[in-house]
Structures are given as C-alpha cells and as structure tokens.
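Structure first, then comments.
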Amino acid sequence: AARTADTDGTGPTTSETTSYRDFHGIPHDLGTAVVVQSMVFGNLSQDSGSGVVFTRNPVSGERELFGEYLAASQGEDVVAGTRTPSPVAEALNPILLDELTETCARLEASHADVLDIEFTVEGSRLYFLQVRSAKRTPEAAVRIAADLLAEGRASLSGALSGVSLEQIRQVQRPGFDEAEVEEARRAGRLVTTGTGACPGQVSGRLVVDPDRAKEMAEQGEKVILARSITSPADLHGMIAAEGIVTATGGSTSHAAVVARALATPCVVGADEIVVDEHARTLRVGESSIAEGEHVSLDGATGELFAGAFATATQGAATAALSSLLDTARRAADSAVLGRVTVAADVAPVLAAGASGIVFPLDAALAAAGELGTLRLAVAERGRTGSDLHETVAALVEQAAAPVLAAAAGAEVVVRSIDLRSDDLAGPGEAEVIDGLERYLPLGVEGLLDAQLEGLARAAARAGDKAGVRLAVSHLDDVLEVAAVRRAVQQHGDLIRADAFVTSPRGMLGLSALARDQGGVWVDLPALQAATRAIPLHLLRAADPLDAYAARGLTSSDPRVTVDPAVARLFEVLSSRPPTSGASVDGALTVAVDLGTVVTADSAALLHALGVRRFAADAPEVRPLLLALGKAASAPDEP
C-alpha cells in the first residue's frame, strides 16, 4: 500500500491506509492522490477561523445547511475532535453565512450531489478549500437520493448511485425494543448522552482499545469501541466495531465522518465519559464500566446505556425508501420474489416490494420442527402400516395453507422438498435415504405425488384460486420433466410446475427443459458451487475461501461474483434463437434465485443478459430492487 504523507503526525499511516482500502475494495496499486494549494490561515485572528459544512444534513438527509465552525483555528482543529466546535449557523458572521449558503447551493446544483465542503475564514474573508461528495448515513443516503430525484437535480442513475446495497441493509437493521429502553431510563442505566453522529441501535461488549476490538470481533464478539478521540490509527478497530463512542469531538470530527462512511452507529462529544486505557474502563463520575461488560448505544439520540437490549424488527420502510425503490423497480421492469418459511414472513416481504414469494418446503418443515417426521416417513416407506403419501401430504398441507392464505393472491412458487439438504440428511443418513435416491430429484417414488396432494389441499383450504407453482429441485433431464408434467396434470389447473435447475447439465439442457416444463428457475448459489466442485454449505462459509482468495489462488470469488463459467452458460442461453423458446428475454420464463446475499455485480450481469425474474432471501428484496434499478438505469458505456 502506498504510504500517505504524514507531516503532522495525524495523517493515516501504511497500516491504516491498508485497512481503509481493504474495507472499501480499493486496489493497493493505485497510489495516493496529492492536493497542492495555496495557504490561508484560520488562526490569524479572532475574525478568522475554519469550518466544515454539508449542503444537506448527512445524518438525517434534511435539506438544510449542516456544519460546524471554530474561530481562530485551522482545519485540523475542527476535524481532529480535540476541541468541540459550534454550529455554523450560530458561530459564523451573518454576512459570511449568507455567502456560504448561496455558494453551497450553487455547488450542489452543479455537482448534482450532496457535498462535504471545507472552508476557512481569514480576516473576515471566506475561502473554499475543498469540495467532495459527502459521506452520509444510510437513512440520509436514501432520503437525499429520493429528494434529488424528486427535485429534478439528479437523474435516476445519479440518484441511485448515491445509495449502496449495504446502506439499504442498514436501514432495515432491527432496533431496540422501546419498552426495554424506557425501563432502562427509569432504572438509571443511561450512562450519558452525547451527539448522535450516525443512527443505529447496537449492543456489544465495551472495548477501549482498537487492537482488542479487532481481535474480539474476529472471535465473533460484538463490540462497542470507546475512545477519548479517534484518529486514522484507530481505523481497524472502528471497522471491527458494531458501534463507536467518543468523549470529545463534534458531528464533523474524524469519528463521526468515518462512522458515517462505515454506516456504523456512532455517538460523539459525550464529554462526561473518561476512557481509561490503562485501567480498561469507561467512567462517568463515580460510576465505572469495565472492558468486556455489555453496553448499548443509540446513534440517533446520542444515548449510551449500561447493559444489552433485545432488538425488534423495525416497521415498514420510510416513504423515501419506498418511493426510491418503486422508481428503481419500474426502471428495471423486473419481478422480485422473496423467500419465506412461515406465514408471518409474507406481509413484510410483500411490503418490501416483492411481487410474490418463494416458499421452500424443507425450510418450512424445519421451522415447524417436522423434519424428523419427514425423515421417519421416508425411512419406513413400504413397511406394513406406513403411509409415506399421507404423512407427507399432511405435513405439506399444514405448512403451506397459512402461507397461501397470507399471500392473498400474490404469486407463490413452492420449492419441492430437497433431499440433498444437510438438514434432511439427519443422523444415520444411509439408513434413512439411500445415497443415490437422495441425489436423484425423483429418487423416492411417491414423494412428488404426496407434495402435489398436500399443495392441492392447502390451496383449497386457503381459497387460492390463482394457482400454485411447484418448482421441483435438481431437474436436469427431459424425461424427469415429462414425469413431473404427468403428475401435475392429475390436479387440473390448480397446480403448475417449474424446474429448479442446480447443475451445469441442467443449464445446457435448459432449452429442452423449458420447452417441456414452461418455467425454469436457476439456483445460482448451487450452480456456482457445482461449477467449482465445492459443497454448497462451504460456499456459504467464510473459511477456507477467505484465506484462499487472500493467497491469490482464485480469480473469481463465487460468493461475490458470477463465476465466468456460469456467466458463459447464461450467455449461451441468451444467444439462442427465440423460436426454440430458449431465449432468456423472450416469452419463456427463466428466473434466477440469487440466494442469501445479493451483489450489485451479479444482478447487473444477469439483468444485462435479459433475466427479468429473481428471487432472494427476504432481507435481500430491497437491496435486489436497488441493484436491478441501478443496472437498468446505468448509462451505456462508450
């Protein structure tokens, strides 16, 4: 990593530069930018000073000038956190404030973005030192993007580019149970209140040293980093922490700006606290909290509590988020389905913008505690008195009926029981399901018919007249598809069937499968794993792929990007003539299940290849809508 110049002892060093670039995915061979400018002096006299201002509030997104000013100071005094500045609207000369406000408005209009502006006053004359895109909290990013779009200040592409998928995830993050918070206040557990610098509510173990914060986080602990002030030398600990609290500094201090860039809840300027690194404690008056004890902070209210809180799922997205994602969905012209396992999941998924749901039967049975019943039914099939058909049909009916009722006419795709699932293997796998039967999609005779019967009953109970689609896992042969079609026909128009493709063989035969089946789903994570010959459960884990990638032994991380071999399979599919019904963007329904984590690159590549139907885990519905909107609105490259 290039070493950033550090002439005053406060700039980032090699290790901090490395941490920053690693976190943001910036290559280490880009070098370091250098700005050369003439000097003005904010510490020249009492009618001089320095400040930092944002053209809109970077915490809430509100359309107001937001910043701080410190008289008789240089810029480093404002951002270092060693002194607490005053709000710019109160501290700056009214004439200079008017000039600052007008110029900031013109700069924002010119850049079509919210800006972070550093300025100096020398002898009552205003100088602009630097302007850049402002770091902002996830909540502010969403509101700002929606407002810039509504005001006509930014194109759809420009507005969406100001919001990341991770920021959407942060906006959805659960918060504290309000009843617990109120009880904590009454019980005297409120330690102190500072300035909320980045919203979010988190609990974790108190840590006062950035190195220990990193070590504990790597061991799976959630930590809250407390510092008197922060500097670039603390960056690795700030990245590892769930929350940050500092004793000094304002909302434009190093801690506040970095926390907003990381989307990490942060409280600054909590001047009652004393952070004792030697004793490893945080003190307020006579009270003391030792390192390792639980604390909780609210990055919006600025409150720090002793002890941990339970978290509760937040309500529906803000109006700004809904508006922004509605626009993204229209631009993408795509359908997104969210995965659910119980009826209570359905309403939140549809409220998030999903047009329907994917309902995996084995996951639903696991949630109901019925996997043991299913395994036993499979193990005892054919024995005297056993009835695989009725047992499975009853299990499916019991699990699916409430979900179909909750869907209330929205599209429902039910994924068939997957005997390859690790959960379904269970103890004594060889005794329960023969090895080959487990890996053949129709290997257990009668299992498909039982699922169809159970779905038919569930649809009748729920009053579902729209019909249900059963997506049968791991189909890759036209003879399998023909057998599925014959089984489905016995239930009239109530149930239709799709193929759920998980292998390269299935992808290469997709044309024939789709022609006979009508609808095809592609399980992207399973396909990625099969292409790389990696077990699916290992593909979802951090190790050993993290270490393997760090050693430079893979050119493509299958957890993050579509593998080039898989992309080629989609390219071959999309290049076939539409007369065969095999083109992705023709009348044929080809959908892709992106799994548990959506990435912008994967969504963009698939959208470019013509895929218009997607599924993802429930928390990933909104990030996926944003990713597809970005892909659809991105300007064409020259």
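With an a/c value of 1.5 or above and a/b not larger than b/c for the gyration tensor axes a ≥ b ≥ c computed over the alpha-carbon atoms, segment 274-388 is described as oblate.
The mean of 1/r over all distinct Cα pairs in segment 443-496, once inverted, gives the Kirkwood hydrodynamic radius of 11.7 Å.
Within the chain, the cysteines lacking any other cysteine Cβ closer than 4.7 Å to their own Cβ are CYS104.
What segment 320-425 shows is 38 Å² of accessible area per residue, with the surface traced by a 1.4 Å probe over protein heavy atoms.
Decide, for the chain, between rounded, prolate and oblate: order the square roots of the alpha carbon gyration tensor eigenvalues as a ≥ b ≥ c, take rounded if a/c falls under 1.5, and otherwise choose prolate if a/b is larger than b/c, else oblate. Note, shape of the chain comes out prolate.
Rg and Dmax over the alpha-carbon atoms of segment 196-308 stand at 12.0, 35 Å.
The listed peptides 283-289, 368-374, ordered by packing as a protection proxy, come out as 368-374, 283-289 (highest mean of other Cβ atoms within 10 Å first).
With only Cα atoms counted, segment 11-104 has Rg and Dmax values of 16.5, 46 Å. For the chain, the relative contact order comes to 10 percent (Cα pairs under 8 Å, sequence separation of at least 6). Heavy-atom accessible area with a 1.4 Å probe sorts LEU65, LEU321, largest first, into LEU65, LEU321.
Screening the chain for whole DSSP H helices with an alpha carbon extent of at least 24 angstrom along the helix axis and a mean Kyte-Doolittle hydropathy of at least 1.0 yields 388-407.
When its C-alpha radius of gyration is set against 2.2 N^0.38 Å (N residues), segment 120-194 gives a value of 1.72.
Near GLU215, once Lys and Arg are set to +1 and Asp and Glu to -1 for all other residues with Cβ below 13 Å from its Cβ, the sum equals -2.
From the alpha carbon centroid of segment 109-185 to that of segment 279-355 is 18 Å.
Based on the Cα atoms of segment 343-385, what semi-axes does the equivalent ellipsoid have, where each is the square root of 5 times one gyration tensor eigenvalue, given in whole Å with the largest first?
33, 10, 6
What shape does segment 315-368 take by its C-alpha gyration tensor, where a ≥ b ≥ c are the square roots of the eigenvalues and a/c under 1.5 counts as rounded, a/b above b/c as prolate, and the rest as oblate? Since a/c reaches 1.5 but b/c is at least a/b, the shape of segment 315-368 is classed as oblate. Using the average count of surrounding beta-carbon atoms within 10 Å as a protection proxy, the listed peptides 437-447, 452-462, 47-57, 551-561 rank, highest first, as 47-57, 452-462, 437-447, 551-561.
Using the average count of surrounding beta-carbon atoms within 10 Å as a protection proxy, the listed peptides 158-171, 28-41 rank, highest first, as 158-171, 28-41. Antiparallel beta bridges, as assigned by DSSP with both residues in the chain, represent about 55 percent of the total such bridges. The helix-based estimate of mean residue ellipticity at 222 nm for the chain, built from -39,500 (n - 2.57) per DSSP H run of four or more residues and divided by its residue count, is -11500 deg cm²/dmol to the nearest 500. Each Lys and Arg Cβ is given +1 and each Asp and Glu Cβ -1; about its Cα centre, the chain then shows a dipole of about 1400 debye.
The values are calculated or read from the model by the stated rules, or taken from the named source; none is laboratory data. Remember, it's a predicted structure, so these values are computed and weren't measured experimentally. In this analysis, Cβ positions are derived from the backbone assuming ideal geometry, glycine residues included, and neighbour counts consider all displayed protein chains. Ligands, DNA and RNA are stripped out before the accessible areas are found, and what is left, the full protein with its side chains, is counted by its heavy atoms. Shrake-Rupley method; radii C 1.70, N 1.55, O 1.52, S 1.80 Å.
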